[in-house]
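Written out below as structure tokens is the structure these notes cover.
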Amino acid sequence: MKNSKMFVVENVQDLKSITTRKVMVGGGHLIFATTQARAEPPKGFVAQRPREAGMGLLAAFKKNTPKVYVHVHPALVGVDKTRFALLLDSYIAWGISWARHARGQTKGTVALIGGIEHEGRPSHIDVLVFENGRLVALYDQELPERDDFRFQASAEAIVAKIRSDYAGVKIKQAAPLSNWGLEGVEYIGEAGVGQPKYAPITRSLNSHMEFVVPAALAAIGIVYNFGAIGMAWTDWGSAQGSFNEAVNDPALRETGGIDSAYIDVMNQRRIFMETPRKQDVLPDKVLQIVRGIGVLPGVQIIELRLPAPSVTVQIPGQSPAAPIINADGGKNHDLITADRGADAQIRISMPKSAASAIDQAREVLGQLAGGTGMSLRLTQDGVAEDKDRRVFTIEGFIHG
């Protein structure tokens, strides 16, 4: 894909049309990126240096700094006279700098939607979410081509998922994507790409694309960390002094001092008032689910129930419940216990594919999980079919 400043590729076929020495690489089929250190990349992909995705000059020295593990397609390795830069690196740099420059502090949540659009083929979308200057979510999604009638609903579903998962989030959209014009989404264009650094890609983790931290920077890091510890200790001591002064106030002592039980009650009331009410959350979730279902080709919604009817408890000796498909790579899998009831029950009708009923169900659940942000499973005896269509009964679990 070309624009005024960038030549962008996302698959091996695009590499054949390179006409410049500087090339941006999008996600698609050329890059595998994840925040999970043990995730298995596609066969043959070449590991690159993990990217630190936290704010601060010395993020690389901190054990809890989020990292993005990057693998590239072997076709990118050792290409003569061509230097590459990853869109992912630009998006990470923008997200980290947003907290520092746009807000002047590390507070706040921002989501960046980037990726590549092509005429006549699906669009590959990257979503990065930053909280307090740190990357907290990274995932990609494939949308129909830009002129497809399903594109708008799919784009809106992505935005709805972000808003559902992160309260108060600011959503930005960056080049090379065009401006989708979605409500509440700011298009920042090429500002999200910044000034990419181009370099050859090699098989070595110490290649020209990597950053070498000199000994002087390490020394600065030690001094900086000691200074930060000293400031934190001073703040703690000041807070402790203020607390002691308050609890020893004569007027407070005359009334019987601080009642810890009363403080506990007040905290419980505060937590109750701050917890979102189900009647407020469910209408937005219904809209998000309907939009997520709408991206499935030929789908018909037969029934959508929130909350779902009670789930039958598994009886020993019967077949186990269907496997759960997560939209988040399994992050919330442990939250779905044996005694947790489903939040939603969905019955949809789909045109029968050439695959078996179970294989089609697995594909449908995967697409639906990505569009709704829920964890999903097929109910027992959850497939019915006739000559041309299949009906799937699905249970959904809402997180957040």
Consider the stretch 336-385. How many of its residues are outside any strand (DSSP E or B), of a type outside the set (Ser, Thr, Tyr) and either over 26 Å from ILE162 (Cβ atoms) or free of Cβ contacts under 8 Å to residues at least 60 places away in the same chain (or both)? 19
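For (1) of a type outside the set (Gly, Ala, Ser); (2) touching a Gly at 6+ places or on another chain (Cβ under 9 Å); (3) surrounded by 20 or more Cβ atoms within 10 Å (Cβ to Cβ), each residue gets a yes or a no:
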{"residue": "GLN141", "(1), (2), (3)": "yes, yes, yes"}
{"residue": "ASP165", "(1), (2), (3)": "yes, yes, no"}
{"residue": "ILE171", "(1), (2), (3)": "yes, yes, yes"}
{"residue": "ALA174", "(1), (2), (3)": "no, yes, yes"}
{"residue": "LEU177", "(1), (2), (3)": "yes, yes, yes"}
With criteria (1) among the β-branched types (Val, Ile, Thr); (2) modelled with pLDDT under 95; (3) touching a Leu at 6+ places or on another chain (Cβ under 9 Å), ILE113 comes up short on (2)
Members of the stretch 154-168 that are under 18 Å from GLY292 (Cβ atoms) and either part of a loop (DSSP other than H, G, I, E, B) or over 14 Å from the mean Cα position of the chain (by Cα) (or both): SER154, ALA155, GLU156, TYR166
Options LYS67, LYS63, LYS81, LYS43; residue that is modelled with pLDDT of 90 or more and over 13 Å from LEU138 (Cβ atoms): LYS43
Of the residues VAL265, VAL295, VAL286, which single one is touching a helix residue (DSSP H, G or I) at 6+ places or on another chain (Cβ under 6 Å) and at pLDDT 70 or above? VAL295
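The values are calculated or read from the model by the stated rules, or taken from the named source; none is laboratory data. Given the structure is predicted, the values throughout are model-derived calculations rather than measurements. So basically every Cβ, Gly included, is an ideal-geometry build from the backbone, and we count neighbours across all protein chains shown.
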